[in-house]
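Let me begin by presenting the structure, written as structure tokens, before commenting on it.
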Ligand SMILES: Cc1ncc(C[n+]2csc(CCOP(=O)(O)OP(=O)(O)O)c2C)c(N)n1
Ligand SMILES: [Mg+2]
């Protein structure tokens, strides 16, 4: 059992509420849910849609095929009806012109009869729930949560039942065994990871698709005692986070490509003052404003080279909601251990896609601050940039009696004072760069899916994990011998598994969500391995699993 | 024991105002008896911004123009710290102009000491936002075309609670102003007039000396209109002193949880504390 319901229309028509309610009903009914959104950068009008896929087994991707279309206007229907499965159901209001395979319903008429056109979508929801034989108690429970106003709630419940009365349960679905899953998107999972790791300071400047992290952090700011701040610009954001970190709290900031670009000088500052910080870039297609509400993996090279000058850093691409949670928490430990900036790379697809996941295990999160003991230093004996074998200097925060904590963006000596001599320069550069050796030991191997002894090796990174995993399963089911490598830790670069599998496979194909194959270039640089083929998609819409399968078959034939 | 010890050597020129300002900061901190481990000086980049190099204390020398954001981050992380942002006119009013406006609006409890020599000293004398219109520099060889910026008027209009003008040549007054700024609860701006002996041949020590005139000790520091007029006064007489001083709720205290028990930086971290947040996603 595996269905996809499409909900489309113009911005401002209540699509997101309907999609949210339906996704939650499905989640609470015990299904695996995977809800993607496709919206334009506008507050009203345009063609937006949500696609809710639900199944009684694990799912990791959106699909092209649709089983049910609920369209709020004619245009969106025309754009997507070709994707409807043979026995699929297309629904719209009577006002939408007739179309082959379209069932037109008196949605508006019923809503008006009930005295409020705004319950329109609840009529539609009732119809859809009935078709799939879904639980009305769950629906009422959700409506109660959304509509605090008692009359509005009652009205919506009536609408629900009126909608249901229009049809029969034609394809009743049965969930798998009852499971307690959370339904969460990548940005909220990231925020939870940061909070679990003890982040006490998060600031940012609104920029789609990163803003919902700021929103979530703000919502829990008082409860969790986190300073959350919308600041004047992204330049300020990273400088503030560094100030907060210097003073001793775990600090994070985030933006999308444009805002991340504004942070570059401060990124470099983090490098030379050796102050830990976590920065997330939730990518959207550039250059410049690009496609604000769509997805891309176009900032990989940019992020690898973030900040002018040379200094060690780590780059981690988040692969799915669970990964977002655990890796964000891990990023704080690595930042603290090596006193470096750790950059998380996400994207709009991961940020906004809502997926059912097993509840995050907070007991798996450890907090390792790696702070030095102030008591160990007699008056005037503490040196912030003390030269050590690992390159990591003992870190104190201000407040140590008798010792100053001095950080300086100029090249400095061990004490933190400006020193422009050649000797000191070499000493401090070497010290900083030695941290890269320890960092290399931290790198986790990429995820692997699929067949052993593969003939075809697929390589991707970040949020393509889910679609790739499904594509890999499908290809293997079709008789190919395929294995997929999905990179999360991008820098430092892990080569061992890539070399091993490359030696076995006849062909290596890289799949990316950009126009130039940035990861493939990195692979050539770091592993001296060239892809035989590159599958690149840069239209702002995420690769779906079936699209990867189709595209692969084409290049293999 | 001497606290806030000064280094013997500095990279400042003889006759520069910076050493005078340094002596005033040291004296203000010592007279207030602030324990050095509880004070942080934050600077940007420039000649003024070298101040932390030459005083023994906690310091954060960040980027050109960005002393205020770093100072704000520090204060929010640990409200028990006394935080001083100290930098030049170019740094604070030019490169960091947006942060300046924002810091005033926030009213974060920090002291902001701006060394205003009306020129970019470190980079060899280009115009700063406070350089007079028409003044000739290496880059403005035809004279500065833009009108000068009025930091104190700007601060007052934007709602600053503590606005003062000092002069590096009036040590006693400067110490008094600095002490008041450090004790003020909220954002406190001190614009400190200071000669640059090498790069500003117009606004010399004598030029300032002739014009600065301390405000009457008893003037009403809650009179905004009076303060605004004094802020704008820039001619044969330039009034100095605390122009305006009125406390308002600070940004930091509005967070509620931030003050009270231990500073944020010292609070216990436990991942499990966040677990109840999962409830939102069932
Ligand atoms: C991003 C950036 N731009 C430019 C500079 C070069 N720079 C350093 S200090 C400075 C101006 C300093 O003027 P001011 O802040 O008035 O300090 P002063 O030297 O006069 O005390 C400039 C332009 C820099 N360091 N960083
Ligand atoms: Mg200057």
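The values are calculated or read from the model by the stated rules, or taken from the named source; none is laboratory data. What you see is a predicted model; the values in this text were computed from it and never measured. For neighbour counting, all protein chains shown are included, and Cβ atoms are generated from backbone atoms with ideal geometry for every residue, glycine included.
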Scanning the range B:257-269 for residues that are surrounded by fewer than 16 Cβ atoms within 10 Å (Cβ to Cβ), without any contact (Cβ under 8 Å) to a residue 60 or more places away in the chain and facing another protein chain (nearest Cβ under 8 Å) gives B:257, B:267
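Which residues, counting only those in the range B:117-135, are over 26 Å from residue B:162 (Cα atoms), near ligand 2 (Cβ under 9 Å from one of its atoms) and away from chain A (no Cβ under 14 Å)? Let's see the steps before the verdict.
Start the filter on the range B:117-135 by keeping residues that are over 26 Å from residue B:162 (Cα atoms), which leaves B:121-127, B:133-135.
Filter again for near ligand 2 (Cβ under 9 Å from one of its atoms), leaving B:121-122.
Once the filter is applied, which keeps residues that are over 26 Å from residue B:162 (Cα atoms), near ligand 2 (Cβ under 9 Å from one of its atoms) and away from chain A (no Cβ under 14 Å), the range B:117-135 yields only B:121.
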The lone condition residue B:114 fails out of (1) within 10 Å of chain A (Cβ to nearest Cβ); (2) in a strand (DSSP E or B) is (1)
Subset of the range B:64-89, residues within 20 Å of residue B:117 (Cβ to Cβ) and touching a helix residue (DSSP H, G or I) at 6+ places or on another chain (Cβ under 7 Å), comes to B:64, B:65, B:66, B:67, B:68, B:85, B:86, B:87, B:88
Restricting attention to the range B:238-256, the residues that are touching a residue at least 12 places away in the same chain (Cβ under 8 Å) and over 23 Å from the mean Cα position of the chain (by Cα) number exactly 1
Given the conditions (1) surrounded by fewer than 24 Cβ atoms within 10 Å (Cβ to Cβ); (2) under 26 Å from residue A:117 (Cβ atoms), every one holds for residue A:76 apart from (1)
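Return the total of residues in the range A:216-242 being part of a loop (DSSP other than H, G, I, E, B), closer than 17 Å to residue A:196 by Cβ and at the interface with chain B (Cβ under 7 Å from one of its Cβ atoms).
Applying the first criterion (part of a loop (DSSP other than H, G, I, E, B)) to the range A:216-242 yields A:225-226, A:231-233.
In the following step, the residues that additionally are closer than 17 Å to residue A:196 by Cβ were identified as A:225-226.
In the following step, the residues that additionally are at the interface with chain B (Cβ under 7 Å from one of its Cβ atoms) were identified as A:225.
Residues flagged as part of a loop (DSSP other than H, G, I, E, B), closer than 17 Å to residue A:196 by Cβ and at the interface with chain B (Cβ under 7 Å from one of its Cβ atoms) within the range A:216-242 amount to 1.
Answer yes if at least one residue in the range A:380-399 is facing chain B (nearest Cβ under 7 Å), without any contact (Cβ under 8 Å) to a residue 60 or more places away in the chain and either surrounded by fewer than 16 Cβ atoms within 10 Å (Cβ to Cβ) or more than 34 Å from the chain's Cα centre (by Cα) (or both), and no otherwise.
At the first step, the residues of the range A:380-399 found to be facing chain B (nearest Cβ under 7 Å) are A:397-399.
Subset that is without any contact (Cβ under 8 Å) to a residue 60 or more places away in the chain: none.
There is no residue in the range A:380-399 that is facing chain B (nearest Cβ under 7 Å), without any contact (Cβ under 8 Å) to a residue 60 or more places away in the chain and either surrounded by fewer than 16 Cβ atoms within 10 Å (Cβ to Cβ) or more than 34 Å from the chain's Cα centre (by Cα) (or both).
With in contact (Cβ under 8 Å) with a residue 12 or more places away in the chain, within 14 Å of ligand 1 (Cβ to nearest atom) and either closer than 16 Å to residue B:183 by Cβ or surrounded by fewer than 23 Cβ atoms within 10 Å (Cβ to Cβ) (or both) as the only criterion, which of B:27, B:53, B:47, B:38 stands out?
Numbers: B:27 fails: within 14 Å of ligand 1 (Cβ to nearest atom); B:47 fails: either closer than 16 Å to residue B:183 by Cβ or surrounded by fewer than 23 Cβ atoms within 10 Å (Cβ to Cβ) (or both); B:38 fails: within 14 Å of ligand 1 (Cβ to nearest atom).
Going through B:27, B:53, B:47, B:38 in turn, the sole match is B:53.
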Take residue B:114 and decide whether it is within 20 Å of residue B:188 (Cβ to Cβ), within 16 Å of ligand 2 (Cβ to nearest atom) and in contact (Cβ under 8 Å) with a residue 40 or more places away in the chain. yes
Over the range B:85-106, the set of residues more than 10 Å from every other protein chain (Cβ to nearest Cβ) and away from ligand 1 (no atom under 16 Å from the Cβ) is B:104
Okay, strands (runs of 3 or more DSSP E) sitting entirely in the range B:132-234 with 1 or more residues that are surrounded by fewer than 24 Cβ atoms within 10 Å (Cβ to Cβ), I get B:212-214
Discussion item. Looking at the structure I just gave you, is residue B:59 within 14 Å of chain A (Cβ to nearest Cβ), surrounded by 24 or more Cβ atoms within 10 Å (Cβ to Cβ) and within 9 Å of ligand 1 (Cβ to nearest atom)?
Written reply: no
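On the basis of being within 16 Å of ligand 2 (Cβ to nearest atom), in contact with a strand residue (DSSP E or B) (Cβ under 8 Å, 6 or more places away or on another chain) and away from chain A (no Cβ under 14 Å), does residue B:25 make the cut? If you could, list the steps in order and put the result at the bottom.
Values: within 16 Å of ligand 2 (Cβ to nearest atom): no; in contact with a strand residue (DSSP E or B) (Cβ under 8 Å, 6 or more places away or on another chain): yes; away from chain A (no Cβ under 14 Å): yes.
No.
Can you find a residue that is away from chain B (no Cβ under 11 Å) and assigned to a helix (DSSP H, G or I) anywhere in the range A:243-255?
Filtering the range A:243-255 for residues away from chain B (no Cβ under 11 Å) gives A:252, A:254-255.
This time we only want the ones that are assigned to a helix (DSSP H, G or I), so: none.
Checked the range A:243-255: no residue is away from chain B (no Cβ under 11 Å) and assigned to a helix (DSSP H, G or I).
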Those residues of the range A:342-377 which are away from chain B (no Cβ under 14 Å) and under 30 Å from residue A:418 (Cα atoms) amount to A:342, A:343, A:372, A:373, A:376
Those residues of the range A:200-215 which are more than 9 Å from chain B (Cβ to nearest Cβ) and touching a helix residue (DSSP H, G or I) at 6+ places or on another chain (Cβ under 8 Å) amount to A:202, A:204, A:205, A:206, A:207, A:208, A:209, A:210, A:212, A:213
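Which one of these is outside any helix (DSSP H, G or I), touching a strand residue (DSSP E or B) at 6+ places or on another chain (Cβ under 8 Å) and not assigned by TED's automatic domain parsing to the domain that holds residue A:39: A:387, A:342?
Numbers: A:387 fails: touching a strand residue (DSSP E or B) at 6+ places or on another chain (Cβ under 8 Å).
Going through A:387, A:342 in turn, the sole match is A:342.
Please return the ranges of strands (runs of 3 or more DSSP E) entirely within the range A:83-190 where 2 or more residues are more than 30 Å from residue A:319 (Cβ to Cβ) and outside the structural domain of residue A:358 (by TED's automatic domain parsing).
Output list reads A:84-93, A:102-105.
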Of (1) facing chain A (nearest Cβ under 9 Å); (2) within 16 Å of ligand 2 (Cβ to nearest atom); (3) buried (at least 19 other Cβ atoms within 10 Å of the Cβ), residue B:11 fails just (3)
The condition of being touching a residue at least 60 places away in the same chain (Cβ under 8 Å) and either surrounded by fewer than 24 Cβ atoms within 10 Å (Cβ to Cβ) or assigned by TED's automatic domain parsing to the domain that holds residue A:331 (or both) holds, among A:263, A:240, A:267, only for A:267
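Whether any residue in the range A:422-441 is part of a loop (DSSP other than H, G, I, E, B) and more than 14 Å from chain B (Cβ to nearest Cβ) is what I want to check.
Of the residues in the range A:422-441, the ones part of a loop (DSSP other than H, G, I, E, B) are none.
Scanning the range A:422-441, I find no residue that is part of a loop (DSSP other than H, G, I, E, B) and more than 14 Å from chain B (Cβ to nearest Cβ), so the answer is no.
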Over the range A:195-204, the set of residues assigned to a loop (DSSP other than H, G, I, E, B) and either under 18 Å from the mean Cα position of the chain (by Cα) or at pLDDT below 95 (or both) is A:197
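Within the range A:319-339, how many residues turn out to be more than 19 Å from residue A:202 (Cα to Cα) and either in a loop (DSSP other than H, G, I, E, B) or away from every other protein chain (no Cβ under 11 Å) (or both)? Even if it seems obvious, please write down each step before you answer.
Taking the range A:319-339 and keeping what is more than 19 Å from residue A:202 (Cα to Cα), we get A:319-323, A:337-338.
Restricting the remaining residues to those that are either in a loop (DSSP other than H, G, I, E, B) or away from every other protein chain (no Cβ under 11 Å) (or both) gives A:319-320, A:322-323, A:337-338.
Within the range A:319-339, residues that are more than 19 Å from residue A:202 (Cα to Cα) and either in a loop (DSSP other than H, G, I, E, B) or away from every other protein chain (no Cβ under 11 Å) (or both) number 6.
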Check: Regarding residue B:78, is this residue more than 10 Å from chain A (Cβ to nearest Cβ) and crowded, with 24+ Cβ neighbours inside 10 Å?
Finding: no
Looking at the range A:22-44, is at least one residue touching a helix residue (DSSP H, G or I) at 6+ places or on another chain (Cβ under 9 Å), crowded, with 24+ Cβ neighbours inside 10 Å and farther than 26 Å from residue A:347 by Cβ?
-> yes
